[in-house]
Amino acid sequence: MRALVTGITGQDGSYLAEFLLDKGYEVYGMVRRSSVENFNRIEHIRDKLKFVQADLLDQLSIIDAIKESRPDEIYNLGAMSFVPTSWKQPVLTGEFTGLGVTRVLEAARHMNKNVKFYQASSSEMFGKVREIPQNEKTPFYPRSPYGVAKVYGHYMTVNYRESYDMFACSGILFNHESPRRGLEFVTKKVTYSAAKIKLGLADSLYLGNLDAKRDWGYAEDYIEAMWLMLQQDTPEDYVISTGEAHSVEEWVKASFQCLDLDWGKYVKIDKSFIRPVDVDLLVGDSSKAEKKLGWKTKVSFNELVKIMVEYDYNYLKKQM
Ligand code: NDP
Ligand code: GDR
């Protein structure tokens, strides 16, 4: 089996590449040209991967990437994925995160309509939630240009499935984290900063809205669900989540507690991290995935915090 992964240099792409290699896939990563190589998350497996250079903004380059890799499965994980940046660059976000999906779908349709396609959709599509918990039937109400772009990508995936009979699935994944999470996302920002404080490398941490609640799972668990969706007899969409919501404050408390630190002494609010509008509460209902895919989250909230804090602490200590 051959797979083409867009966004292979990202958190999810790196775990998915490992997972597919373990399953014996030939894995092609679609990477965009950069003046500085950005392979740190896949350095340990780079010899086993094949790379094709392309950009989600460039239709022909995607066609070439598919021509070269001749994939059985395409995982479209590439996107501008940081919500605050989507207000600063709404048009570019629409291009990468929204239209990019159509470009990949169009290329796939023309090159090989039988290819299986996975779209990385997001719980951000639920935004100002219409019901609690959110499932596959919950209406969307996105609250950021990122969320709006994801809704577009989601419906294009559904549309290509229904119009062209393509095996196209959309995984509506709730927040998932890991030691490989980008530093600007709140979970990693907190665990990394707490570790720095413990080691005497920093004395404070500035955050925005501590009341927002998220359904945080472990990225490695979630990767398996992507693959499972493409192994079914029929293409469908699935919510992937833990079913538990915790506030940002709870994440902060648990992270500092792991290091025997009193978070109240170090955490300060910086209004610049507060968004024009926020998504107050996300909590998913994955019973469909549980029933049909046999998928279930394995890592609890406290285990996830511990994995990330320990990783950051050990990493920073080694650099000293
Ligand atoms: P990351 O931000 O870690 O990775 C994003 C990837 O997209 C990077 O490899 C990046 O490449 C690539 N990319 C960005 N723009 C382009 C472009 N124009 N052309 C080609 N590649 C591009 O995201 P995650 O791994 O966390 O998330 C993977 C996907 O899942 C994203 O689509 C995200 O929106 C979605 N998602 C993530 C969730 C999460 O909690 N992590 C939850 C739900 C959905 P480069 O290294 O060159 O920047
Ligand atoms: P999110 O993740 O927007 O849910 O999108 P993020 O970690 O950025 O924010 C989560 C919540 O924390 C609050 N917050 C802060 N966030 C950041 N980044 N920095 C801060 O200092 C801070 N202080 C408080 C935010 O307001 C928010 O409520 C992630 C991304 O991976 C998306 O790509 C993905 O689609 C969704 O998860 C599901």
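Computed from the C-beta positions of ALA202 and ILE274 and an R0 of 22 Å, the FRET efficiency is 0.55 to the nearest 0.05. Here the Karplus curve 6.51 cos²θ - 1.76 cosθ + 1.60, taken at θ = phi - 60°, turns the phi angles of region 286-302 into couplings of 9, 5, 5, 4, 4, 6, 8, 9, x, 9, 8, 5, 10, 9, 7, 3, 5 Hz, with x standing for Gly and Pro.
Could you compute the net charge surrounding GLN257? Neighbours are other residues with a C-beta less than 15 Å from the C-beta of GLN257; K and R count +1, D and E count -1. Around GLN257, the charge tally is -3.
So how much slack lies between GLU290 and ARG2, counting 0.36 nm per residue of separation and subtracting their Cα-Cα distance, in nm? All intermediate terms of the calculation are to be shown ahead of the outcome.
Numbers: separation 288, 0.36 × 288 = 103.68 nm, distance 2.65 nm.
Value of the extension gain: 101.0 nm.
Here, region 190-320 has an Rg and a Dmax of 17.4, 54 Å when only alpha carbons are counted. The gain in end-to-end length when the PHE82 to LYS48 segment is fully stretched comes to 9.4 nm, 0.36 nm per residue minus the alpha carbon separation.
Estimated at the nearest 10 Å², the accessible area of MET125 is 0 Å² with a 1.4 Å probe.
Need the C-alpha centroid separation for region 4-71 versus region 235-300, integer Å. Spelled out, the Cα-based centre of one part sits 28 Å from the other. Our estimate of slack between GLU310 and GLU224, defined as 0.36 nm per intervening residue step minus the Cα-Cα distance, is 28.6 nm.
Taking the Cα atoms of the chain, the ratio Rg/Rh between the radius of gyration and the Kirkwood radius comes to 0.96.
The orientation-averaged projection of the convex hull spanning the C-alpha atoms of region 1-160 amounts to 9.8 square nanometres. Working note: Cα atoms of region 82-195, range along each principal axis, descending, whole Å: 49, 31, 26. Scoring 47-54, 261-268 by mean Cβ neighbours within 10 Å over their residues and listing the highest first yields 47-54, 261-268. Please compute, over every Cα-Cα pair in region 208-258, the percentage with a separation greater than 12 angstrom. Result: 71 percent of Cα pairs exceed 12 Å.
Residue ranges 58-69, 193-204 sort as 58-69, 193-204 when ordered by packing (mean number of other C-beta atoms within 10 Å per residue, highest first). Listed by chain and number, the aspartates and glutamates placed with their C-alpha closer than 20 angstrom to that of LYS198 are GLU184, GLU249, GLU250, ASP260, ASP262, GLU303, GLU310, ASP312; residues fewer than eight positions away on the same chain are left out.
Once the Cα atoms of helix 59-69 and of the chain are each reduced to a long axis, what angle between those two axes, in degrees from 0 to 90 to the nearest 10, is obtained? In the chain, helix 59-69 runs at an angle near 80 degrees to the longest axis. Where does the Debye-calculated log10 I(q)/I(0) of region 1-40 sit at q = 0.14, 0.34 Å⁻¹, using only Cα point scatterers of equal weight, no solvent? The Debye formula, applied to the Cα set alone, gives -0.29, -1.17. With Cα atoms defining each centre, region 159-231 and region 74-105 are spaced 16 Å apart in the structure. Pairs of Cα atoms in region 1-83 fall into 5 Å distance bins, from 0 up to the last occupied one, in shares of 3, 16, 30, 27, 17, 6, 1 percent. With a Förster radius of 25 Å applied to the C-beta separation of LEU60 and LEU92, the computed FRET efficiency comes to 0.80.
Among the listed pairs LYS88/LYS317; LYS189/LYS317; LYS150/LYS268; LYS189/LYS318; LYS196/LYS265; LYS67/LYS188, those whose Cα-Cα separation exceeds 26 Å are LYS88/LYS317; LYS150/LYS268; LYS67/LYS188. Computed from Cα atoms, the angle from the helix 186-198 axis to the main principal axis of the chain rounds to 40 degrees.
Per residue, the average separation of C-alpha pairs within less than 8 Å and at least 6 apart gives the chain a relative contact order of 17 percent. Looking only at region 215-238, which residues have a backbone nitrogen under 20 Å from a spot 7 Å from the Cα of ASN40 in the C-beta direction? The answer is 219-220. How charged is the neighbourhood of HIS154? Take every other residue with its Cβ under 14 Å from the Cβ of HIS154, and add Lys/Arg as +1 and Asp/Glu as -1. Cβ neighbours under 14 Å give a net charge of -2.
Each other residue within a Cβ distance under 12 Å of ASP280 adds +1 if Lys or Arg and -1 if Asp or Glu, for a net charge of +3.
The values are calculated or read from the model by the stated rules, or taken from the named source; none is laboratory data. All values derive from a computational prediction rather than experimental measurement. Note: ideal-geometry Cβ built from the backbone for every residue, glycine included; neighbour counts use all protein chains shown. Please note that ligands, DNA and RNA were not included when accessible areas were found on the heavy atoms of the full protein model with its side chains. Shrake-Rupley method; radii C 1.70, N 1.55, O 1.52, S 1.80 Å.
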